[in-house]
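Nothing in this text is a laboratory measurement; each read-out follows from the coordinates by a stated rule. These figures come from a predicted structure and were not determined experimentally. Cβ sites come from the backbone with ideal geometry, for glycine too, and all protein chains shown count toward neighbours.
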Amino acid sequence: MAIDPSAILTGRAPGRAPIGVILGIVFASVCLIVILAFDAITGGASFVVGLSLAVLPVAVWLPLVLALDRLEPEPPNALIFAFLWGAGVAALFASILNTLGLSLLTETELTGEEEGWYIVATFGAPVVEELLKGAVLFGMLWWRRQELNGPTDGVIYAAMVGLGFAATENIQYFIDAVEVDQLGYVFVLRAIVSPLLHPLCTAMTGIGVAVAALAGPGSCAGGLRCTGCWAPSPCTACGTAPRSSGSAAWPSPTWSASRY
């Protein structure tokens, strides 16, 4: 059995997940269940289609991400927590905050509906979603710094978060696509053309966090410099379309104000 230095230092049995990670997994799982329940209620039969198709990119890319980790495997509980954080916590709270932002702009008549969509998608969603995804990485920098031994570790954890977030997000995209008969187009766009958009954007934060971890305690500047908040902005700016235009790539405001 491999030696677990952190277990020795904290006095827990080797191989047993820390209580904080266990609680985090439970909380993230509850958030994911809330999202899936919402999709199932609002999507009806389309939910089954959306869920089935959203799993496909994960089945392809998750093994490849884990293959990068084969030389120095990260703790399975930490990888699971990272994935569930993206799929549950980040996705749920991003939906809430993006929707509130859109409501603020449109219902208070600060902007028109189309301008509101564009502003939230281009300037609001990238910051909100990347900060929420990156929060777990900064948490690791604070509490589990010993797991970040180099940029590769930062990329692996970031990719797990991004894949989880994208999977949950794709469910709603595919549900909406079924409703407007654009499933083929949206599937190609989301699952084939840009399946790694979220992992790559969050990887910028992961690299910065790993650099900060190697620099020693109290060093967060690297993570802040490399944060991926603005990386998706050009994509959202180019692909923004209000719901009234009939675009299936844009979910209902009741779910989220903006998606990549």
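Some observations on this one:
- Theoretical FRET efficiency, 1/(1+(r/R0)^6), r = Cβ-Cβ of Ser52 and Ala215, R0 35 Å, to 0.05: 0.20
- The 3J(HN,Hα) values that the Karplus relation (6.51, -1.76, 1.60; θ = phi - 60°) gives for the range 93-101 are, in residue order, 6, 5, 4, 5, 5, 5, 5, 5, x Hz. Gly and Pro appear as x.
- Spacing of the modelled spin labels on Ala59 and Asp181, each 7 Å from Cα toward Cβ, amounts to 2.8 nm.
- Summing Lys and Arg as +1 and Asp and Glu as -1 over all other residues whose Cβ lies under 12 Å from the Cβ of Phe81 gives a net charge of -1.
- By average C-beta atoms within 10 angstrom, highest first, the peptides 80-86, 36-42, 126-132, 143-149: 80-86, 126-132, 143-149, 36-42
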